[in-house]
Structures are given as C-alpha cells and as structure tokens.
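A.B. asks: The structure's right below; bear with me while I get my questions together.
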Amino acid sequence: MDDPIYIIGHKNPDADSICSAIAYSEFKKAIGYSNYIAARCGNSNARINSILNHFNIQLPLFIGDVTPRIHDIMVPSERVYKLTPGSTCAEALELIDKYDIRALPIINDDKHVEGVVSFFQLGQYFIPQPTQPRKMRLVHTSVEAIVCSLKANPLHLFNETQFEDLFVRIGAMASESFGDFSHKEGDPDQSIVIVGDRTDIQEKAIALNVRLLVITGKQKVEHHIIEKAVKNNVCLIKSDFDVASTAWIIRLATPVVPLITKEIITFSPEERLSQVRRKIASNIAPLYFVIDDEGKLDGVFSKSDIIKPVKTKLILVDHNEMSQAVNGAEEVNIVEIIDHHRLGNPASKYPIRFINEPVGSTSTIIANMYRSNNLVPSASIAGLMMGGIITDTLNLNSPTTTDIDREILPWLGVIAGISPDDLAQIIFNSGSMILNTTPDKVIEGDCKIYHEGEFHFSVSQVEELGFTNFWDHQHELIEALEEFRKEEGLMFALLFVTDVNTQNSLLAVRGDHDIVEHIGYPQIDNLPIFELQGVVSRKKQLIPYITSLLTEGSGSSPF
C-alpha cells in the first residue's frame, strides 16, 4: 500500500474544517484511492459533535504535529545489522559486503551500544605492513573463531574457546627446513600452520605440537594424520579455501573489540530533523545512533538518510496559511490545498493542486467535485457536507454565501434525507460554546492567527443564539483573551461573537491601544467591546476591515 496522505484542516477546527476533510477522503476513495486519511489537528466542539453524531461518523484521526523527526527516517533497531563485542572481523566484513553498508553498531546483551566498527577501520587494520612482519603474522583469537570464520571442518579440537596470541605460518618450504621457528614470533604451541596436501609438513607440524594445523584444499585428510593430531593433542581443522585465502581469513578471525570506536554520536528519536541536520553538518561519522529512554538502541541513520525526501504528505483543507496549519506543515510535503479563504501564499517545493474558490465553505467545493464527477455521496457524507456549509454560511444567511452554496445545499439535503433548516436547528441548538466550555477554550476554539507584515493578531469566532451568555461572562472572556494574546506574543486579539438569530455581532478587543482607538464601530459603555450591526463573516467582512486599519489607518467601515 502507498504511504498515507493526510487530509487535514486548520488548528482549532470548525465544522467545515472537519466535515470537508472527511468528505474529501471519501471522495478520494470513490475515485479509486485508498491511502487518503482524514485528520484533524485540534479538539472538537459541541457543534462538530452534533453533526458527526447525527450522521453516526467518528471524529477523524488526531495529528497534533507533523514535524519530521529522527524516528521518521532512521532504520529501526530490528532492521539494523549489528555485532556483539565477541564478533569477529570476518563476521563484520561479511555483513558489510553482503548488505553494502559502511559501519556496524556493536551491541551488548542488554541492547546498549558499546561503539561502532566501520569498513574504513577494518581496512586500516588489515593493510599489510611490510616493515612489521611480526604484526602481519600475529592474531589474537580463538580456535573456535577461526573455525567459524573459515567455515572449516573441525577434525580435533581442545581449549577451542580460549583467546590467545597466535602466529600464522605457511608450510611451503622443504620439510627439512620446516620447524626453524623464531622465538620472537612464538613457540610451536603459539603457532598456526597452514599447509596443503603435503603429509610430510603435516606430520612434522604435529610432531612439533603446534597449536593449530589447518589443512587446505579439497582432498581428504589422511586418517593417520588425524590419529597423530589426536595423540599429540594438536588442533586440526580442514579448510576448503586455498592457502592464501585461508591465511587471510584467519587474520579476519580477530575479534572486533580492538577496532571499536566508543565515541559515538547519539540522538533521541523525537529530535527534530532540521535541528539534527545542523548538528551533524560538519561531522564525518559513518553512523549516528538513536537511543531510547533506557539507553538502548532504537535505530540508526547516516547523513544520506537525512537528505532523503520526507515521506509525510498533507492535503490542506479550509485554510492555506502556514500560521493556521498543523505544526510542522512547512517541513513536509503539501500535495494539495482546497480552500475558500484569502491566499496566504504558502511556498511549495513542487507544483501542487491548489483549488481556491470564492464560495461559502470548503464543503461546497468538495460537494461540487462529487457532482462534477457524476458521483453521489453516501447519505452520511452528504449530511456532513451540509453541516459544513450551514455552519460556515449561517444556513445561507452569511454575506459569504454564493449561488453555488444555494444550489449545492438542497441537492445534498435530498441525498442526506434531511432539510437544511432542520439540520441547522440541530446544529445551532447543540449548546452554547460559552456555557459549555471554559473561557480559555472559547478563545482557542475557532481561533485563527493572521500575519499582516509586522502585525500578528488573532480572531476567535463564536456563534450564539443571542448575546446573553456573552454578557454574563464578559469579564472572564476578556481576561482569557488578554492571556491568550500574551502567550502567543500577538499585537492584539479579537473575540468575534455572532448572534445567529439577528445576524449581528459583538467584537471584544485586547491589545494595542491604537487599534481600539481606530475601530469605527460603536463602542459599548467604554468597554473594549464594539457593536457590529450586520457583520457576521470573519473571512469576508471582519478580516478585510482589520487589514484596512493596519495598512491604511482608516477606521471607516468598508461594508
């Protein structure tokens, strides 16, 4: 299955944001795509719940942050090729060659990282050093490790697990000169003798009581050689490799412990990818380690991993400004935007599908897609889109309402089996936001933050049946508005309270004094509250007016 693509609305979602996300994911399924998933980046509210409950649909998946993090690009521990401190260089090189990797973590029995061994280190270790022949012959290993590295046939072993310094010798000379061992390079009982099918050398090596006799080639080892090795307690193994290859592999039987680099760079799986890129920009480590809270290996990554494209993909619905999008949206792939608000000019790395239509709701756009493709949504999905249109246009009474909204809404009503007026009654009678939540939740509920040049401000919108609830809680709401403004570092914050019945609104303001002074609407009793007759749309009426105050300094109403 393809990677999921999340369809997600703005922070502090309203009904249109939630309903359009669900409806668009179902539209994608209807045209043959199964990897589009509806999501949300904020909490629900009473009106959203009333719509979803009426049509028996669950809230979409919650995703509070899509910021790319290390766990998104790391290779998980269970897929990491790794070694233990007891592993040999042969095992390391076999993994490096087989899987085309550059470095291997060394993990102990508790899954803690003890260090790393890289291909570069192995290469340095095994480069021949002609000026130091003793080092070229010397290996610190065990007979058992040699057997494993060679995949040899053991014919007689003893003390095979003991690690010791051994010197590699090739039985290639005449038998009469064989055995002239230099004490600087170990006694016979410290010697590994590698020989082919020369029985004279084999017998002489056994007679000298060498530590290990390795017979190479495809021929069988003669029975009397085995008997003598057993009698003299000489370890005897059979290697299918030739002499030169056998000598090389025996050197590889050295444990990786002396080559381990213990100074490693570790990260938490939750660290942001952007921060990690900066941290390792000038570092040349072959591998970076991801450690969990218990200090155990969670995964690994390399520099090539962090420059790969981020897999997370989003479709933004009901917004296009990054200040309103889910946290981290600017760092992932936005593949589509479907909206009905002003343009916020989000940057994209590649061309994307961008639908922005001057209609009353995003749900109208999605519903029109169904009609344009000769598709009929299910009754429940049609009902959801009705809910999005009704809440965003105040049941077609908002000045943002268009002819397309008026045409689409009754079409959906027939499919859903409910009239727009009946559904509007269910939605708007679902409970007062002011009565059912705390003041801070009222402010944060349907809140959007805007950036106009150097000016940063927010507008929270609440729709009520009358203003009684607002006046009963005005002081707490204004305090919560001011607290929100300070926390977000805004120039000013607005609370836009609309009476669904009268189509009038109140505007509470906290923040910059000049903004209060320039608002050209009637101020109520010297409170930071203004009466906005006939103003119900944040998008089409209030935001253009506030923008004009910031850019022109004029307080005259443009409505």
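A.B. asks: Karplus couplings for the range 151-165 from phi (6.51 cos²θ - 1.76 cosθ + 1.60, θ = phi - 60°), rounded to Hz, Gly and Pro as x?
C.D. replies: In residue order, the calculated couplings are 6, 7, 9, x, 9, 7, 9, 7, 6, 6, 8, 6, 8, 7, 7 Hz.
A.B. asks: Also, quick follow-up: Rank by packing, highest mean first: peptides 63-71, 356-364, with packing defined as the count of other Cβ atoms within 10 Å averaged across residues. Walk me through the numbers on the way to the answer.
C.D. replies: Numbers: 63-71: 17.9, 356-364: 24.3.
Highest mean packing first, the order is 356-364, 63-71.
A.B. asks: Follow-up. Using only Cα atoms, find the angle between the long axis of helix 543-552 and the longest principal axis of the chain, and express it within 0 to 90 degrees, rounded to the nearest 10.
C.D. replies: Roughly 90 degrees between the two axes.
A.B. asks: Given that compact globular proteins tend to follow 2.2 N^0.38 Å, what is the ratio of the alpha-carbon Rg of the range 400-472 to that value?
C.D. replies: So the range 400-472 has a normalised radius of gyration of 1.48.
A.B. asks: What Kirkwood hydrodynamic radius do you get for the chain when you take the inverse of the mean 1/r over all pairs of distinct Cα atoms, in Å?
C.D. replies: After inverting the pairwise mean of 1/r, the radius is 29.5 Å.
A.B. asks: While we're here: Would you pull out the residues with amide H under 5 Å of L287's amide H, same chain only if 5 or more places away, H placed 1.01 Å from N?
C.D. replies: So L287 has HN proximity to no qualifying residue.
A.B. asks: Can you flag which of K11/K349; K311/K349; K349/K441; K29/K540; K448/K486; K29/K308 are past 25 Å Cα-Cα?
C.D. replies: K349/K441; K29/K540; K29/K308
A.B. asks: I need the P(r) histogram for the range 188-285: all alpha carbon pairs, bin width 5 Å from 0 out to the longest distance, whole percents.
C.D. replies: Reading upward from the zero bin: 2, 11, 17, 15, 10, 6, 5, 5, 5, 6, 7, 6, 4, 1.
A.B. asks: Now for a different question. What are the principal axis extents of the Cα atoms in the range 143-252, in Å, biggest first?
C.D. replies: 31, 30, 27
A.B. asks: Under 1.5 on a/c is rounded, so check that first for the range 280-415, then, if it is not, pick prolate when a/b is larger than b/c and oblate when it is not; a ≥ b ≥ c are the square roots of the alpha carbon gyration tensor eigenvalues.
C.D. replies: prolate
A.B. asks: Please arrange Y288, Y81, Y36 by counting, for each residue, the other beta carbons lying within 10 Å of its beta carbon, fewest first. Spell out each step's value before the answer.
C.D. replies: On the way: Y288 24, Y81 15, Y36 21.
If I rank by nearby Cβ atoms, fewest first, I get Y81, Y36, Y288.
A.B. asks: Could you work out the equivalent-ellipsoid semi-axes for the range 28-170, taking the square root of 5 times each eigenvalue of the Cα gyration tensor, largest first, in whole Å?
C.D. replies: Semi-axis lengths for the range 28-170 are 58, 17, 15 Å.
A.B. asks: Provide the net charge surrounding I260, with neighbours chosen by a C-beta distance below 15 Å and charges set as Lys +1, Arg +1, Asp -1, Glu -1.
C.D. replies: -1
A.B. asks: Please report how far the C-alpha centroid of the range 412-437 lies from that of the range 234-272, rounded to the nearest whole angstrom.
C.D. replies: Centre-to-centre distance over Cα atoms comes out at 70 Å.
A.B. asks: Same structure, new question: Roughly what % of DSSP beta bridges within the range 143-252 run antiparallel, to the nearest 5?
C.D. replies: That works out to approximately 20 percent antiparallel.
A.B. asks: With every atom except the alpha carbons ignored, what do you get for Rg and Dmax of the range 253-314, in angstroms?
C.D. replies: Values for the range 253-314 (Cα only, Rg and Dmax): 14.0, 51 Å.
A.B. asks: Next up: For the range 16-106, place one equal point scatterer on every Cα, skip the solvent, and apply the Debye formula. What is log10 of I(q)/I(0) at q = 0.14, 0.18, 0.22, 0.26 Å⁻¹?
C.D. replies: Normalising to I(0) and taking log10 leaves -0.68, -0.87, -1.10, -1.27.
A.B. asks: In whole Å, what is the distance between the alpha-carbon centres of the range 507-541 and the range 330-408?
C.D. replies: A separation of 29 Å, based on Cα centres.
A.B. asks: Hey, what number do you get for the chain at 222 nm if only DSSP H runs of n ≥ 4 count, each worth -39500 (n - 2.57), divided across all residues, to the nearest 500?
C.D. replies: After summing the helix terms and dividing by residue count, I get -10000 deg cm²/dmol.
A.B. asks: Report, by chain and number, residues whose modeled amide H sits under 5 Å from the one on M74, excluding near sequence neighbours (fewer than 5 apart, same chain).
C.D. replies: Here the answer is none, since no amide H 5 or more places off falls under 5 Å of that of M74.
A.B. asks: Same structure again: So what does the Cα-only Debye profile of the range 433-552 read at q = 0.11, 0.18, 0.20, 0.21 Å⁻¹, as log10 I(q)/I(0), no solvent term?
C.D. replies: -0.31, -0.90, -1.14, -1.28
A.B. asks: Going by amide H atoms built from the backbone, whose H comes under 5 Å of the H on N327, apart from near neighbours?
C.D. replies: Counting only residues 5 or more places away or on other chains, the set is V66.
A.B. asks: For the range 450-559, what proportion of DSSP beta bridges, expressed in % and rounded to the nearest 5, is antiparallel?
C.D. replies: 65
Here, each number is a calculation from the coordinates, and none is a lab measurement. As the structure is a computational prediction, the values presented were derived from the model and not from experiment. Cβ sites come from the backbone with ideal geometry, for glycine too, and all protein chains shown count toward neighbours.
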